[in-house]
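See below for the structure under consideration.
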Amino acid sequence: MNDIKPLYKAGKLDLSFFDSLKYKSEAINTKAGACITTNQLQQFLPKNVEKIIVKNVLFELAVVLKKIYLNADIDYPDFSLKAAKKNQFRSVKFCNNVLIGSKVKLGKGTEIGSNSIIEQNVRIGKNCIIGSNVIIKNTLIGDNVVLQDNCKIGQKGFGFIPLKNKNLKFPHIGRVIIENNVEIASGCTIDRGSVDDTVIGENTYLDNQVHIAHNVKIGSNCMIAGQVGFAGSSSIGNNVSIGGQAGISGHLKIGNNVKIGGGSGFVKDLEDSQTVMGYPAVPLKDFIKKNKNKDE
């Protein structure tokens, strides 16, 4: 096998995994050479895919990942870090105490604030502004991106398999991909993908203290207010607006042009062009009607 990839990315030399009917359409169309799955789900995979039948897909996937990627279950320190040298990146401006890891690429016109750390293999595009006390690892960043102070980008996500005596940490091998013209305000945390990537689409803006878990996909032109939280593997469409302190549960799909009121909670998929509010979230007109009746 060449690598371990999600169903929609896997090729004939890759191993994939299929653990939920939510991913039935991806399973039907996968090009994976082999797939870890259950006896109940194997019927949805193409005939030419070798099925590896197990009882607990995520447990067995974690075991395989740990054998191939030996250090992917913990964020170990990057011992390649060194003080930034202006003669190494002549077109980049550094404030005091910036540390840069090996094989980092920084685009022309980029500026990096004091005490920030850019770990090995990170790529940052042209004309980006990286604030102070920012830590970036396992990340690819496009052009004209702004990361304000105290952001943490690309660390291992929250994932483990509960066991009786000791939890099995789920290895993370994915990245964070931040596309062009994104702005991320102070104190945001964006986890790297577990097997897939975490993606922030072009021209999307995040307010302060937003948390984005592993494998989340956020589309283009989204506006996300402060303290919104996204659980793992949810997918957000384009032109989505989310009010402050809303919570998005895991493995959900939210369509394009959706508006979500502040403090709302999501536990199921949402189609295009809806405006919703409440916990659990309902169409805005239903939310207003329900609360109006309470006041009467």
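How big is the range 3-68 by Rg and Dmax over its Cα atoms, in Å?
10.5, 29
What does DSSP give for the chain in terms of the percent of beta bridges that are antiparallel, rounded to the nearest 5? Intermediate results must be reported in sequence, preceding the final value.
Working: 6 of 68 bridges.
Restricted to the chain, the bridges split so that about 10 percent are antiparallel.
Evaluate the Kirkwood expression for the hydrodynamic radius of the range 97-221, namely the inverse of the mean inverse distance over all pairs of different C-alpha atoms, and round to one decimal in Å. All intermediate terms of the calculation are to be shown ahead of the outcome.
Numbers: mean 1/r = 0.0690 Å⁻¹.
After inverting the mean inverse Cα-Cα distance, the result is 14.5 Å.
Kindly put ASP191, ASP149, ASP272 in sequence by how many other C-beta atoms sit within 10 Å of each C-beta, fewest to most. The partial results should precede the final answer.
Details: ASP191 26, ASP149 17, ASP272 13.
Taking fewest neighbouring Cβ atoms as first place, the list is ASP272, ASP149, ASP191.
If I take all pairs of Cα atoms in the range 23-143, what percentage of them are more than 24 Å from each other?
Details: 3616 of 7260 pairs.
Percent of Cα pairs beyond 24 Å in the range 23-143: 50.
Just rank LEU70, LEU252, fewest to most, by other beta-carbon atoms within 10 angstrom.
On the way: LEU70 9, LEU252 19.
Placing the least packed residue first, the sequence is LEU70, LEU252.
As a test of the formula, what do you get for the chain when each DSSP H run with n ≥ 4 contributes -39,500 (n - 2.57) and the sum is divided by the residue count, at 222 nm and rounded to the nearest 500 deg cm²/dmol? Walk me through the intermediate numbers first.
Numbers: 3 runs with 30 residues, N = 296.
So the calculated ellipticity at 222 nm is -3000 deg cm²/dmol.
Sort 44-55, 98-109 by packing, meaning the average of other beta carbons within 10 Å per residue, with the highest value first.
Working: 44-55: 13.9, 98-109: 17.2.
Answer by packing, highest mean first, reads 98-109, 44-55.
Using Cα positions and a limit of under 22 Å, work out the lysines in reach of LYS169, with same-chain residues fewer than 8 apart set aside.
LYS5, LYS55, LYS66, LYS67, LYS137, LYS152, LYS156
Among the lysines, which have Cα under 21 Å from the Cα of LYS285 when same-chain residues fewer than 8 positions away are ignored?
The reachable lysines, counting only those whose Cα sits under 21 Å from LYS285, are LYS259, LYS268, LYS294.
Please identify the trypsin sites (Lys or Arg not before Pro) of the range 159-202 that satisfy two criteria: DSSP loop assignment and at most 10 other Cβ atoms within 10 Å. Which are they? It would help to have the intermediate numbers written out before the result.
Values: sites: LYS164, LYS166, LYS169, ARG175, ARG192; in loops: LYS164, LYS166, ARG175, ARG192.
Those satisfying the criteria are LYS164, LYS166.
Compute the distance in nm between two label points, each set 7 Å from the Cα along the Cα-to-Cβ direction, one at LYS259 and one at ASN127.
Reported label-point gap for LYS259 and ASN127 is 3.1 nm.
May I have the extent of the alpha carbons of the chain along their three principal axes, as whole Å values ordered from largest to smallest?
Between the extreme Cα coordinates on each principal axis of the chain lie 61, 58, 38 Å.
Jot down the radius of gyration and Dmax of the range 76-121, Cα atoms only, both in angstrom.
Radius of gyration, then largest Cα-Cα span, for the range 76-121: 9.9, 30 Å.
For the range 211-282 and the range 1-74, what is the separation of their Cα centres, given in Å?
Value for the Cα centre distance between the two parts: 27 Å.
List the residues whose amide H sits under 5 Å from the amide H of LEU168, counting only those 5 or more places along or on another chain, with H placed 1.01 Å from N in the peptide plane.
ILE161, LEU163
Given charges of +1 on the Cβ of Lys and Arg and -1 on the Cβ of Asp and Glu, with all other atoms neutral, how large is the dipole of the range 3-68 about its Cα centre, in debye to the nearest 20?
On the way: 11 positive and 6 negative charges, 9 e Å.
That gives a dipole near 40 debye.
Throughout, read-outs are computed from the coordinates displayed, never taken from laboratory work. Just so you know, these numbers come straight off a predicted model, no measurement behind them. Cβ: placed from backbone, ideal geometry, glycine included. Neighbour counts: every protein chain shown.
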